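The values are calculated or read from the model by the stated rules, or taken from the named source; none is laboratory data. Worth saying up front: this structure is predicted, and the values here are computed from it rather than measured. Every residue, glycine among them, receives a Cβ derived from its backbone with ideal geometry; neighbour counts consider all protein chains shown.
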Amino acid sequence: MTGARPDRDDLSVLLELAAPAGRDVLDVGCGLGTLTRELAAAGARAIGMEISPERAEAAAAQDAAGVATYVAGRAEALPLGDATMDAVVFMRSLHHVPGELMDAALAEARRVLRPGGVVYLAEPLTEGALFALIRRVDDETKVRELAQAAIARADGAGFERAATVEYDRRMRLADVAAVRRLVVGVDPARAAAFDASVDEIARDFEALGEPDGDGGGRWFGQPMRADLLLVRPAAR
């Protein structure tokens, strides 16, 4: 536990706040689709979206049972019709949208939502051991701050805040190679910077992580803030 924040996993907070069962849910920036499939397992009609057809196809290839749908698109130009979704999920993805397009991304989420729909945003804060470990390769301080500012302005996109929950997401990393897979998997362009700093990262790995008691691995905490935004009812 970090400070007053409870240790929580991402899925439990999302299920608690957004209640996706029986709803049409878009997972923006789905990666390989792990969360998309978890949403489907929880009873949602889930769509995972990635930035390119190749990435969408890679996510679909992980879904042997075909429990979800995968599409290519950008957060600021969603490939969906008006009022077709009940929930739009940004799981650590809003800060990857260019800062000048974050407001447009939230406006697009509003466009595709039905009345009574919700946007769920879980964003990492600029603190914690995992942030400090990765910061040497890619300092996300500015983009994370821009994401929080965009969320704070969301009332301008037709939303009202229903809930905010802060929690500590803990991750076990077996070794420095696991750190590289995590960092480069999010953005392959980070590979060169990682490799150039690998000795320093190895020292940070030992200094910042908590030993797991099972030999070699370390635990790293990442404080998170989750916001649930409701579509504001139309004025009468």
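Points worth noting:
- Some residue of region 177-191 being over 19 Å from the mean Cα position of the chain (by Cα) and not hydrophobic (A, V, I, L, M, F, W, C): no
- Pair list, Cβ under 7 Å, 6 or more apart: region 38-62 residue of a type in the set (S, T, N, Q), other residue outside any helix (DSSP H, G or I): Ser52/Ala72; Gln62/Leu32; Gln62/Gly33
- In region 217-236, of all residues being of a type outside the set (A, V, I, L, M), assigned to a loop (DSSP other than H, G, I, E, B) and under 18 Å from Ala154 (Cβ atoms), the one that is modelled with the highest pLDDT corresponds to Arg232.
- Restricting attention to region 135-170 and to residues that are in a strand (DSSP E or B) and among the acidic types (Asp, Glu), the residue that is farthest from Val118 (Cα to Cα) turns out to be Asp168.
Listed here are the residues, each with its yes/no results for (1) over 17 Å from the mean Cα position of the chain (by Cα); (2) within 20 Å of Val112 (Cα to Cα).
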site	(1), (2)
Ala4	yes, no
Leu11	no, no
Glu16	no, no
Gly22	yes, yes
Gly31	no, no
Glu38	no, no
Ala41	yes, no
Arg45	yes, yes
Met49	no, yes
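- One residue stands out in region 144-188 among those that are out of contact with any Gly (no Cβ under 9 Å at 6 or more places or on another chain) and β-branched (Val, Ile, Thr): the one that is farthest from Arg232 (Cα to Cα), namely Val176.
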